[in-house]
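Taking it in order: structure first as structure tokens, then the write-up.
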């Protein structure tokens, strides 16, 4: 990896979008350990909730291996297809932590030791303990903006619309909470949930008709079985609170017609 001159510090980057009402994101979960089943991903649900709070719709998530060609081609594909891309994993100190180099390659940039990232690591480790392996965590594409890490100091980074985060859940969450204010989101997606003790098959035909009357909403059906009990939770999602309320009322009336007792909930998710 070629070491280039240290870049001058840049003002914090804030991304804007041309269509603020529908802002999209993709998450790339990088790591052979996820694909092998050795490690269970714990980051996707957190990012999905956090992005929704920021008015960003998570449209796609992929799990990809620690493979240079796959990472580079996938980053290039999704950064052109979505407003934001978030990667998790592969920015630690070991030989298989290749995400930073791959993102640099995707953008056609040189990977450098960022002086501020190096300084942060020097303050974190005792004198003489910042070895070559640990210094890898200070390497970012030239021109990248550092993402502060309140947990273990080693920063993530942003280049263009790509945010590169660690795979350790507590550290990833700490960095994400620090960067959320940079996201230029659209309208938040509101949701209502309605539960009842009816089988999906009983509701299916009428539920499809309801969806057809409210095409701007997402209506999902999620059956449950617990402690000898069964039923279904129906989740309605959309940005128009009036249409959401109208559809919920229709759904509750439908459930009553079919002999059920609807229980409604409200959240932003």
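Observations on the structure shown:
- Within the stretch 212-242, the set of residues being surrounded by 15 or more Cβ atoms within 10 Å (Cβ to Cβ) and out of contact with any helix residue (DSSP H, G or I) (no Cβ under 9 Å at 6 or more places or on another chain) comprises 231, 233, 235, 239.
- The set of residues in the stretch 90-142 that are in contact (Cβ under 8 Å) with a residue 60 or more places away in the chain, closer than 23 Å to residue 43 by Cβ and not in a helix (DSSP H, G or I) comprises 90, 91, 92, 96, 139.
- The residue of the stretch 79-89 that is surrounded by the most Cβ atoms within 10 Å (Cβ to Cβ), among those that are touching a helix residue (DSSP H, G or I) at 6+ places or on another chain (Cβ under 9 Å) and not in a strand (DSSP E or B), is 89.
- Qualifying residue in the stretch 160-179 (condition: at pLDDT below 95, touching a helix residue (DSSP H, G or I) at 6+ places or on another chain (Cβ under 7 Å) and surrounded by fewer than 19 Cβ atoms within 10 Å (Cβ to Cβ)): no
Residues checked against (1) in a helix (DSSP H, G or I); (2) over 30 Å from residue 146 (Cα atoms); (3) free of Cβ contacts under 8 Å to residues at least 24 places away in the same chain:
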{"site": "170", "(1), (2), (3)": "yes, no, yes"}
{"site": "173", "(1), (2), (3)": "yes, no, no"}
{"site": "205", "(1), (2), (3)": "yes, yes, yes"}
{"site": "211", "(1), (2), (3)": "yes, yes, yes"}
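- All of (1) within 25 Å of residue 184 (Cα to Cα); (2) within 19 Å of the chain's Cα centre (by Cα) hold for residue 143 with one exception: (2).
- Residues located in the stretch 55-67, provided they are over 11 Å from the mean Cα position of the chain (by Cα), touching a residue at least 24 places away in the same chain (Cβ under 8 Å) and not in a strand (DSSP E or B): 55, 65, 66
The values are calculated or read from the model by the stated rules, or taken from the named source; none is laboratory data. The structure presented is a predicted model; accordingly, all values stated were derived computationally and were not measured. As a convention, Cβ positions derive from the backbone with ideal geometry for all residues, glycine included, and neighbour counts pool all protein chains shown.
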